[in-house]
Structures are given as C-alpha cells and as structure tokens.
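The values are calculated or read from the model by the stated rules, or taken from the named source; none is laboratory data. Keep in mind the model is a prediction, meaning the values are calculated, not measured. Reconstructed Cβ throughout: ideal geometry from the backbone, glycine too, with neighbour counts over all protein chains shown. These accessible areas exclude ligands, DNA and RNA; they are computed on the full protein's heavy atoms, side chains included. Shrake-Rupley method; radii C 1.70, N 1.55, O 1.52, S 1.80 Å.
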Amino acid sequence: MSLDLVVVGLGYVGLPLAQEACRVSLTVAGLDLSAAVVDGLNNGQSHVGDLSDEDVARMLGTGFRATTDPAVIAEANTVVICVPTPLSADGGPDLGAVRSAVAAVAEHLHPGMLVILESTTYPGTTEEEVLPILEARGLRAGDDFYLAFSPERVDPGNTEFGIRNTPKVVGGVDDASTTVAAAFYGKFVETVVTARGSREAEMAKLLENTYRHINIALVNEMAQFCRELDIDLWDVIRCASTKPFGFQAFYPGPGVGGHCIPIDPNYLSYKVRAELGHPFRFVELAQEINNSMPAYVVQRVQELLNEDAKALRGAKVLLLGVTYKADIADQRQSPAEPLARQLLSRGAEVTYHDPFVPTWQPAGELLTRVADLDTALATADVVVLLQPHGQYRAIDLAGQSRRILDTRGTLTGADVVRL
Ligand SMILES: NC(=O)c1ccc[n+]([C@@H]2O[C@H](COP(=O)([O-])OP(=O)(O)OC[C@H]3O[C@@H](n4cnc5c(N)ncnc54)[C@H](O)[C@@H]3O)[C@@H](O)[C@H]2O)c1
C-alpha cells in the first residue's frame with residue numbers, strides 16, 4: 001500500500017488528525033465529499049480555525065493531498081472516519097454520513113486494513129452499524145482486517161492540549177483490533193488508553209460530554225435562583241473552586257453551543273430509550289434547562305430596559321460575541337442564534353459585533369454588524385456580552401455602555417449586571 005493513512009472527513013476533527021500524522025512522516029491523504037474543502041486544502045488554504053494556511057502548506061510539503069475520489073481508500077493501510085454525526089429532524093441520531101463513509105471504505109477494504117471510527121456516536125454503533133457493512137463482502141474483522149472506535153477529544157482553540165498530548169482512548173471490536181489500533185495511534189499520540197471494547201470507548205466519549213452538559217445545566221439553574229436570592233454565583237464558584245479535590249468548576253452562560261455538548265447527549269438518551277424503553281432523565285432535564293437560557297437572557301434584558309422605563313420593542317440591543325465559544329470562529333449551535341431570534345420576534349433592533357464573524361443571519365435575516373464599536377456601545381439601550389473574546393479585554397465595555405448584561409461573569413465594576 002502506498003499510503004499509511006487516509007482520513008475520511010477533513011473538518012475540525014479530521015484535518016488536525018491528518019496534520020499530526022504528517023508531522024511524524026506518515027504518508028497521508030484526505031477524502032472529503034466537499035470539492036470546496038478539497039480544492040482549498042490542495043491550494044494551501046485552511047478552513048479550520050486551529051490550522052493556519054502555513055500549517056496546510058507544511059502538510060502539502062510532506063506529500064499530503066486531499067481528494068473527493070473514494071478510490072484513494074484502496075491505497076491505505078489505515079482509514080480513520082471523522083464525518084459529522086448530527087441530529088435528524090426528529091432529534092435522534094443521523095448516521096447518514098457515517099454509513100455512506102463506511103460503504104465507501106467497504107468497497108475498497110483489503111486484507112490487513114485497519115478501520116477506525118472517530119465520529120461521536122451512541123454505544124454499539126461500531127459493532128452494530130459499521131461492522132456488518134464492512135464484513136458484507138466476506139472479509140472478517142480480527143482475522144482479515146481490524147476495526148476500532150476511538151473518540152476524538154479535540155478542543156477547538158485550546159493551545160495547551162492537542163492531538164499529541166491528549167490521551168487517546170481506543171477500543172476494538174476484538175482484542176486484535178484494539179492492539180493494532182493502539183499501535184497506530186502510538187505513532188503520534190503520547191498516551192494511548194485501551195478500552196475493554198468499542199462500546200466502552202464509545203460510551204467514554206458520551207460520559208465526558210454528558211458530564212459537562214449536566215454540570216453546565218446545574219450552574220445555569222443555580223444562576224437563575226441565586227439572582228433572586230441576591231447571591232453572587234460567580235463568587236460562590238470561586239470559593240468552591242479552592243477545594244483541592246472533589247469539585248470541578250463549571251460556569252453559567254447564555255446556553256450551550258458547539259457540535260458536541262448540545263448534540264452528543266441526545267445520542268445517549270436515544271440509545272437508552274430505544275433499547276431499554278425508559279428516559280435518561282439527567283440528560284433530558286439538562287437539555288430543558290440549557291435550552292431555556294436564551295429565553296432567560298431575553299427576560300434579563302427586559303428587566304434592564306424596565307429600569308429605564310423602556311420596552312423591548314424598538315430597543316437597541318447590541319450582542320457582543322456570537323460564536324459558541326470565545327476566541328474561535330465556530331458558530332455551530334451557538335445560543336446567540338435563538339437569543340437573537342427571540343429578541344427580533346419581540347421587536348428589538350438587534351445588532352452584533354464579533355471579530356470572528358463578518359456576516360451573521362440568525363433568523364434568515366442579515367443582522368447589522370457594527371463597524372464602530374465605540375459608538376455602538378454608547379448608543380445601545382442594552383449591550384449583552386455573550387462571548388468574552390480576547391479582543392474585548394482591552395475595551396472598557398462596562399464604562400462605555402449605558403446598560404450591560406454580562407452573561408459570562410467576566411466583567412467587573414459597579415455598573416455590570418450579571419446573568
Ligand atoms: N468539532 C469538534 O470540536 C469535535 C470534537 C470532538 C468530536 N467531534 C466529532 O467528530 C465528528 C466530526 O466532526 P467535525 O467537527 O470534524 O465535523 P465537520 O463538519 O467540521 O467536518 C466533517 C467533514 O466531513 C465531510 N463529509 C461528510 N460526509 C462525508 C462522507 N460521507 N465522506 C467524506 N467526507 C464527508 C464534510 O464535507 C466535512 O468536511 C463528529 O462526529 C463530531 O461529533 C467533533
């Protein structure tokens with residue numbers, strides 16, 4: 001075989017993986033459905049925030065190439081699948097991209113090949129969905145080829161932990177597959193952790209994300225009643241965080257966003273409901289609370305306007321930072337979107353500012369991105385800080401605004417109103 005690795009799906013997860021493999025001189029190609037993604041990469045352009053154009057140029061320098069042609073799989077010793085796992089229209093798992101990527105692999109599967117699924121999914125997917133498609137042509141996992149699941153733990157924008165120094169969990173559908181997959185990741189990841197099997201590896205990822213989802217919901221609910229009790233929850237968290245064991249700090253906010261936290265726990269609750277017939281109550285409650293946060297922010301904006309004897313209808317509301325996380329450009333599932341929709345539906349004049357988002361269309365309506373932040377801060381009836389991007393640290397947001405609602409607890413000063 002002429003390629004050590006083919007990465008299927010060159011997005012936030014697949015591209016950094018390909019980069020890391022190129023760094024240790026593996027021969028790597030990437031397969032993606034999107035001609036725009038493939039052409040961009042082959043022309044040295046990165047579409048993923050964590051990689052610069054220079055990073056892509058370095059990858060091309062090692063021989064990396066991207067393609068839309070699935071025949072490239074035939075050349076690979078190892079194939080890693082990093083395609084999206086969104087929710088379907090009814091809120092359940094949509095494994096369409098996984099199934100079609102696996103079907104492409106099955107067509108070019110050859111003896112000795114290692115196939116790894118990295119897309120986040122419900123426990124059992126590798127054994128129940130991927131394995132039968134791969135074995136349909138007669139080759140057997142564990143004997144003729146190897147199959148494993150390894151959850152991706154990429155944290156976009158995190159400069160301390162990347163693929164190399166974040167421990168990698170690996171679980172095969174049999175022991176031979178676990179061993180071969182662990183040896184593959186051992187080439188470029190410092191610590192490889194073997195799971196008992198693929199189901200445990202799949203569940204480990206969902207435990208990590210569900211844990212965050214639930215703890216964020218806990219502080220979001222506490223934020224609402226702490227305000228009524230006149231208790232500063234951020235100060236409470238600061239104090240609790242001094243306990244050196246048994247406590248991890250989570251912080252309230254305007255809701256949860258991104259590709260993982262709002263979506264992955266649904267995969268788990270789907271599995272529990274479909275197979276066991278009962279709800280995963282923690283997840284459903286957390287979802288209800290986290291999804292209610294944009295409406296709670298609207299209520300807090302209304303309360304601030306009330307202090308100035310103003311109505312929300314016609315009020316100028318400026319949203320600062322509309323991505324799902326600070327200092328990255330990713331807007332997927334950002335709670336800023338339902339918040340903007342709710343403000344617009346009540347007649348507010350909504351504008352936004354975000355150094356990472358040149359255009360924004362949250363309700364099918366292109367919102368004005370303020371060009372002059374100083375003037376916009378001074379003229380808005382209420383400013384809502386949604387993401388504390390680094391750029392805002394140099395600006396006296398509270399001093400320049402008439403009224404400011406800080407949904408992240410990062411601003412200080414007598415005029416700052418927190419969530
Ligand atoms: N983004 C994150 O921070 C993150 C973190 C951990 C895990 N994950 C998981 O990793 C998986 C991938 O997420 P992502 O954020 O990289 O997605 P993404 O949307 O950034 O990239 C996926 C890429 O796959 C391509 N694609 C879709 N179907 C394909 C197919 N059949 N064949 C070839 N290419 C195909 C798309 O064109 C796209 O370029 C998801 O399961 C996600 O839940 C994401």
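Summary of computed values
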| item | result |
| --- | --- |
| Of the criteria (1) on the phi < 0 side of the Ramachandran plot; (2) open to solvent by less than 50 Å² (accessible area, probe 1.4 Å); (3) not in a helix (DSSP H, G or I), which one A217 fails | (3) |
| Failed criterion for S100 (all others in (1) near the ligand (Cβ under 9 Å from one of its atoms); (2) among the small types (G, A, S); (3) crowded, with 24+ Cβ neighbours inside 10 Å hold) | (3) |
| Residue list for segment 346-372, filter: over 20 Å from A295 (Cα atoms) and of a type outside the set (A, V, I, L, M, F, W, C) | H353, D354, P355, P358, T359, T368, R369, D372 |
| Residue within segment 74-95 that is open to solvent by 30 Å² or more (accessible area, probe 1.4 Å), of a type in the set (A, V, I, L, M) and within 11 Å of the ligand (Cβ to nearest atom) present | yes |
| Positions within segment 189-246 being in contact with a Ser or Thr (Cβ under 6 Å, 6 or more places away or on another chain) and more than 16 Å from the ligand (Cβ to nearest atom), in sequence order | T194 |
| Residue pairs meeting the criteria (Cβ under 8 Å; at least 6 apart or on separate chains; first in contact (Cβ under 8 Å) with a residue 60 or more places away in the chain, in segment 82-109; second near the ligand (Cβ under 8 Å from one of its atoms) and among the charged types (D, E, K, R)) | C82/E118; C82/E152 |
| Test: residue in segment 31-48 that is among the polar types (S, T, N, Q), near the ligand (Cβ under 9 Å from one of its atoms) and surrounded by fewer than 23 Cβ atoms within 10 Å (Cβ to Cβ) | yes |
| Pick from segment 1-16, criterion open to solvent by 20 Å² or more (accessible area, probe 1.4 Å) and either more than 9 Å from the ligand (Cβ to nearest atom) or among the hydrophobic types (A, V, I, L, M, F, W, C) (or both), ranking: modelled with the lowest pLDDT | M1 |
| Test: residue in segment 108-116 that is within 16 Å of the ligand (Cβ to nearest atom), within 30 Å of D50 (Cα to Cα) and at pLDDT 95 or above | yes |
| Contacts under 6 angstrom Cβ, first residue in segment 223-250 being touching a residue at least 40 places away in the same chain (Cβ under 8 Å), partner assigned to a loop (DSSP other than H, G, I, E, B), 6 or more apart | A223/P252; A223/L419; W234/G409 |
| Test: L304 is away from the ligand (no atom under 16 Å from the Cβ) and in contact with a His (Cβ under 8 Å, 6 or more places away or on another chain) | no |
| Test: Q19 is more than 8 Å from the ligand (Cβ to nearest atom), within 13 Å of R65 (Cα to Cα) and free of Cβ contacts under 8 Å to residues at least 24 places away in the same chain | no |
| Yes/no for T120 being farther than 19 Å from D4 by Cβ and polar (S, T, N, Q) | yes |
| Hey, A89 more than 17 Å from the chain's Cα centre (by Cα) and under 22 Å from A141 (Cα atoms) or not | no |
| Filter pass, G61 being under 20 Å from C22 (Cβ atoms), more than 10 Å from the ligand (Cβ to nearest atom) and either among the hydroxyl-bearing types (S, T, Y) or modelled with pLDDT of 95 or more (or both) | yes |
| Qualifying residue in segment 177-199 (condition: assigned to a loop (DSSP other than H, G, I, E, B), in contact (Cβ under 8 Å) with a residue 60 or more places away in the chain, open to solvent by 50 Å² or more (accessible area, probe 1.4 Å) and closer than 29 Å to Y324 by Cα) | no |
| Where C260 falls short, out of the listed (1) under 19 Å from the mean Cα position of the chain (by Cα); (2) over 16 Å from V322 (Cα atoms); (3) more than 15 Å from the ligand (Cβ to nearest atom) | (3) |
| Restricting segment 254-279 to residues that are among the small types (G, A, S) and either on the phi > 0 side of the Ramachandran plot or assigned to a helix (DSSP H, G or I) (or both), the residue that is surrounded by the most Cβ atoms within 10 Å (Cβ to Cβ) | G255 |
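A quick yes/no check of all residues on (1) more than 15 Å from the ligand (Cβ to nearest atom); (2) part of a strand (DSSP E or B); (3) open to solvent by less than 20 Å² (accessible area, probe 1.4 Å); (4) modelled with pLDDT of 95 or more:
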residue: A148; (1), (2), (3), (4): yes, yes, yes, yes
residue: E152; (1), (2), (3), (4): no, no, yes, no
residue: D155; (1), (2), (3), (4): no, no, no, no
residue: N158; (1), (2), (3), (4): no, no, no, no
residue: N165; (1), (2), (3), (4): yes, no, no, yes
